[in-house]
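Remarks on the structure that follows.
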Amino acid sequence: MILVTGSSGHLGEALMRTLRAEGRAVSGIDLKPSQFTDQVGSIVDRAFVRKCMSGVTAVIHTATLHKPHVATHPRQDFVDTNITGTLNLLEEATTAQARAFVFTSTTSVFGAALTPEPGEAAAWITEEVVPIPKNIYGTTKFAAESLCELFARQQRLPVIVLRTSRFFPEDDDAPEVREQFSIANAQANEMLYRRVDLEDAVSAHLLGLDKAATLGFGRYIISATTPFTRDDLLDLRRDAPSVVHRLFPESEALFRVRGWGVFPSIDRVYLNQLARSQLQWRPKYDFGHVLHCLRAATDFRSRLACEVGSKGYHGQALEKGPYPVG
């Protein structure tokens, strides 16, 4: 039995849909009831976690408080959910002798390391970059990663940590991006350097389950394969459209007909090479796919992403949108 935490959420639902479609034994848990959640409760509740772990052989832990919650929840809630909740799951998974534990982390843990100083080249982000979390969300996710590594080392629990880039369908967190680019335009641009399609995110998690026992522990960036190289980094910061149009000459016309544009500057590039090598992950969705869909006048999102749709983050609309903080 596979246990999926956060099964009413965006990634959680996508995992539940996929695992059920494959006929695999899976149980979903979440604070919120849904057709993809079998048991309703909090991962902060150790007794609830212990009950849910009965018969479980593998865990995919997606449940979390997200960046948008920084504006609506106290820091202690982040500690309780993202750290204590993860600890509860790790301890109970160890007791249950689970064969695999996959933890959904985030590229947000890199924090300040993602933004170079003015005039510097774009940051080349691999797993070797040292995180500098800049809010309670990134701090608690990084702490949870450390707990995962500790249990892999001391308890021999096979653990895979996936630092996922953006896959949410909601509008951008930056006001200037929301003002200048449509959601589709912004997310098409992000496929160049900081976004992953939901279907590819799911496949990475399932490969994590398969590879955990062999690897013991691994930490991977999960993002669409970038077309950029280190030689592009300075030009990306100064004039990103020139780089994109050089690499994809037809992109300019395809964007123009829709009134789209390329971001004027790109400040970081995520590398997925380690995940492709060690997990044998083969993401299907990248900027080339985006252009193919623009030529065909079809949605560049996967069918799974369209089926899951938008979840939102808050029970009420906020004046500054889902991301009221930096």
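Values in this text are rule-based calculations from the coordinates and carry no lab data. Because the structure is predicted, anything quoted here is derived from the model rather than measured. FYI the Cβ positions are ideal-geometry reconstructions off the backbone, even for glycines, and counts take in every protein chain you see.
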Using amide H atoms built in the peptide plane, which far-off residues or other-chain residues are under 5 Å from T164 H to H? S105, T106, T107, I222
Top mean-square fluctuation among V130, V290, V56, Gaussian network model of the chain, C-alpha springs under 10 Å? V130
Mean ellipticity per residue at 222 nm, deg cm²/dmol - from DSSP H runs of n ≥ 4 across the chain, formula -39500 (n - 2.57): -11500 deg cm²/dmol
Taking amide H atoms as placed 1.01 Å from N in the peptide plane, list the residues 5 or more away in sequence, or in a different chain, whose amide H sits under 5 Å from that of R219. V161
By count of other Cβ within 10 Å, fewest leading, how are C293, C306 ordered? C306, C293
Go ahead and set up a Gaussian network model of the chain, Cα springs under 10 Å, then flag whichever of T298, T18, T104 fluctuates most. T298
Exposure proxy ranking, count of Cβ atoms within 10 Å, fewest first, for R230, R268, R195: R230, R268, R195
Point-to-point label distance, R17-T229, nm (Cα→Cβ direction, 7 Å offset): 3.8
If I take the Cα coordinates of the range 26-128 and project them onto the principal axes, what are the three extents in Å, biggest first? 54, 33, 25
Among V102, V243, V161, the residue with the largest mean-square fluctuation in a Gaussian network model of the chain built from Cα contacts under 10 Å is V243
Send over the Kirkwood Rh of the chain, from the inverse of the averaged 1/r over different Cα pairs, rounded to one decimal Å. 20.2
Say each of I132 and L150 gets a label point 7 Å from the Cα, pointing the same way as Cα to Cβ; how far apart are those two points in nm? 2.6
